[in-house]
1. Here is a list: Pro215, Pro202. Which entry is without any contact (Cβ under 8 Å) to a residue 60 or more places away in the chain, in the same structural domain as Leu129 (by TED's automatic domain parsing) and more than 28 Å from the chain's Cα centre (by Cα)?
2. What is the one condition in (1) within 16 Å of the ligand (Cβ to nearest atom); (2) within 26 Å of Ser439 (Cβ to Cβ); (3) at pLDDT below 95 that Leu386 does not satisfy?
3. Sort through Pro472, Pro461 and tell me the only one that's more than 12 Å from the ligand (Cβ to nearest atom), assigned by TED's automatic domain parsing to the domain that holds Val313, open to solvent by 10 Å² or more (accessible area, probe 1.4 Å) and not in a strand (DSSP E or B).
4. Name the single residue that is surrounded by the fewest Cβ atoms within 10 Å (Cβ to Cβ) among those in segment 551-575 being free of Cβ contacts under 8 Å to residues at least 60 places away in the same chain and hydrophobic (A, V, I, L, M, F, W, C).
5. Quick one: Cys86 ticks every box in (1) under 25 Å from the mean Cα position of the chain (by Cα); (2) part of a strand (DSSP E or B); (3) of a type outside the set (Phe, Trp, Tyr) except a single one, so which number is it?
6. For segment 506-527, what are the residues that are more than 12 Å from the ligand (Cβ to nearest atom), surrounded by 20 or more Cβ atoms within 10 Å (Cβ to Cβ) and modelled with pLDDT under 90?
7. For Leu256, are the conditions met, namely being farther than 30 Å from Leu345 by Cα, away from the ligand (no atom under 16 Å from the Cβ) and out of contact with any strand residue (DSSP E or B) (no Cβ under 7 Å at 6 or more places or on another chain)?
Amino acid sequence: MTSSIVSVSKETRVFPPPGEFAAAARVGSLEAYTAMYRRSIDDPAGFWGEQAAELFWFDAPKTIRQWDPPKARWFEGGTTNLAYNCLDRHVAAGAGDRTALIWEGEPGEVRRVSYAELLRETCRCADALRKLGIAAGDRVVIYMGMVPEAVIAMLACARIGAVHSVIFGGFASDAVRDRVNDAGAKLIITQDGAWRRGKIVPLWDNVEHALRSCPSVEHTVVLRRTGNPITLSPGRDVEWTDALATASSQLEAVPLPAEHPLFILYTSGTTGKPKGVMHTTGGYMVGAHVTTKYVFDLHDDDIYWCTADIGWVTGHSYIVYGPLCNRATVLMYEGAPNHPDVDRLWEMIARHRVTIFYTAPTAIRAFIRWGDEHPRKHDLSSLRLLGSVGEPINPEAWMWYRDVIGGGRCPIVDTWWQTETGAIMMAPLPGAIAAKPGSCTLPFFGIVPKILRQDGTEAAPNEGGFLVIEQPWPSMLRTVWGDDERFRETYFSRFPGKYFTGDGARRDPDGYFWVMGRVDDVVNVAGHRLGTAEIESVLVAHPDVAEAAVVGRPDELKGQALVAFVTLKAGRAPTDAVREALAEHVSAEIGKFARPDSIRFADALPKTRSGKIMRRLLGELATGQAPRGDVTTLEDISVLAALRGDDE
Ligand code: WTA
């Protein structure tokens with residue numbers, strides 16, 4: 001086996017920031033970015049001290065950064081409160097009437113919540129939590145849909161120093177139980193049910209079932225949203241409106257030490273039990289604030305929409321904390337993108353005059369599959385900036401996003417980061433850095449990414465390797481909840497003293513980073529270690545293909561043989577001729593050695609609930625095994641059954 005990962009990408013297109021965009025941007029040239037970046041690396045304490053000073057502290061930080069790998073401490077001696085910075089600070093500055101949230105329910109109702117109102121409701125929720133016995137350091141699970149009360153619940157926890165753990169509303173009862181128990185949560189905030197594609201997701205039923213084996217939970221607070229019948233236990237369960245009715249709308253924010261835990265968010269490794277990634281108050285706050293400001297180039301008149309769910313880190317950092325501490329106006333949507341029809345999002349962009357739109361490649365590929373006519377029906381001219389996160393975006397999807405959604409005029413910020421990093425780590429600052437389709441371009445301020453070989457030496461330009469981060473950054477995870485050893489082992493043992501991301505990547509001669517996906521998603525064909533994402537990207541560039549996943553299966557001759565799972569665009573028939581054409585296409589684009597040995601057609605691919613393709617499952621299918629590992633994160637279990645039956 002050779003030590004590096006071979007990159008086969010041939011992407012060469014470059015899109016400089018449009019002149020008009022750059023002229024009005026917060027960072028308007030590559031020189032300006034480079035100067036700020038250099039400063040952030042040469043004088044991290046000076047740079048981050050200034051960033052922290054843009055926010056409110058009860059006591060100013062004394063030591064900016066302490067680094068004793070793998071332990072980092074930021075802004076020591078400082079006390080602050082993230083809810084204060086998201087709410088009180090703006091109201092005190094006279095912006096209380098400004099709209100914080102424009103919320104749209106799936107059935108269509110629209111609710112506008114001003115900063116003053118969000119502050120009052122957050123105080124009332126925080127006071128209600130206190131009255132239910134919650135104090136600083138206690139864990140509170142939030143298992144809700146995309147409603148304003150979910151944001152209020154998060155901010156209420158932050159206000160009193162309770163540690164929230166948001167569990168995505170799509171998880172089933174067992175997943176809730178495991179996460180509640182791992183965190184030792186005292187209280188669960190939930191809903192009777194959540195709307196999803198016109199149906200009710202029975203959140204309360206799942207909680208009630210989980211509660212049979214969650215001894216740490218003392219109370220639940222239940223919001224009525226859908227009106228489906230539920231039975232509450234008096235003494236244990238209380239309705240949201242009752243709990244808040246007698247609570248105070250003026251509760252002072254508690255000054256918290258910078259390193260006070262802010263939240264735990266469980267992230268599923270492909271194997272093993274989920275890890276409770278823990279973030280703390282001061283560093284996370286500064287990271288979320290500064291990245292939102294510069295990467296999304298936020299201006300006062302923006303209407304900002306991130307389509308993530310608050311159950312994922314993207315929702316934490318870029319629906320709630322980053323935008324609100326920047327005083328943004330955030331559009332929040334409760335439901336599915338294809339309800340009542342596949343043009344729902346485009347219709348909403350036109351109606352709310354959205355200016356910044358941030359979504360995931362998996363969603364973009366679905367939009368492509370549904371057809372261009374849907375976005376083309378709507379006036380998307382209010383958009384000025386697009387974003388992508390969650391997976392490598394294949395260049396064809398990037399181009400479609402740029403042309404069809406962005407009208408050829410909007411820069412795209414392809415943002416690379418992780419639950420563990422808390423905030424965006426690499427992305428083109430849209431007024432400063434030229435984009436290349438499929439590259440997250442250059443590091444954000446203060447971030448030092450490197451590409452390493454197996455032996456820890458630095459890879460040459462364009463040589464694929466392991467992506468690590470060398471210096472600490474404020475919003476990095478501090479530990480895995482309750483398991484310091486797992487934290488060290490997972491992130492700091494592969495390359496001692498350096499944070500290992502688990503991703504493979506290369507850096508091109510311009511210094512641009514190209515993330516190739518998880519290193520577990522690497523195949524070794526005849527001595528070439530290939531990132532599967534690049535082969536997938538070539539497949540998706542074929543006009544018949546909507547989505548593709550490539551995995552390896554053991555092969556005596558080649559080490560691994562390539563198996564491609566392909567979903568065709570609507571209306572395309574899965575014939576042998578198409579199969580042959582696709583195999584030829586890959587040979588022509590990458591080389592004969594990358595020609596898939598087998599191509600299987602599928603109506604859908606197995607994905608996690610955050611939209612990542614579960615290649616591990618496909619790998620097991622490709623080798624003819626029954627899937628073994630954890631499938632609790634699988635979005636739609638029927639997809640798996642269909643794939644199993646569909647051997648060629
Ligand atoms: C992948 C989501 C390429 C990557 C914020 C990372 C990406 C994992 C990108 C983290 C991107 C995310 N380009 N790959 N722009 N963004 N990834 O924890 O493999 O849900 O390690 O955080 O998603 O996923 P997570």
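The values are calculated or read from the model by the stated rules, or taken from the named source; none is laboratory data. Here the structure is a predicted model, which is why all the values come from computation and not from measurement. As a convention, Cβ positions derive from the backbone with ideal geometry for all residues, glycine included, and neighbour counts pool all protein chains shown. For the accessible areas, the whole protein counts, side chains as well, though only heavy atoms, and no ligand, DNA or RNA atoms are used. Shrake-Rupley method; radii C 1.70, N 1.55, O 1.52, S 1.80 Å.
1. The conditions single out Pro215.
2. If we test Leu386 against (1) within 16 Å of the ligand (Cβ to nearest atom); (2) within 26 Å of Ser439 (Cβ to Cβ); (3) at pLDDT below 95, just (3) comes out false.
3. Pro461
4. The qualifying residue surrounded by the fewest Cβ atoms within 10 Å (Cβ to Cβ) is Leu557.
5. (2) is the only condition that Cys86 fails.
6. Listed by number, the residues that qualify are Val523, Val525.
7. no
Conditions tested, residue by residue: (1) within 16 Å of the ligand (Cβ to nearest atom); (2) among the polar types (S, T, N, Q).
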{"position": "Arg402", "(1), (2)": "yes, no"}
{"position": "Gly406", "(1), (2)": "no, no"}
{"position": "Trp417", "(1), (2)": "yes, no"}
{"position": "Ile424", "(1), (2)": "yes, no"}
{"position": "Ser439", "(1), (2)": "yes, yes"}
{"position": "Arg453", "(1), (2)": "no, no"}
{"position": "Asp503", "(1), (2)": "yes, no"}
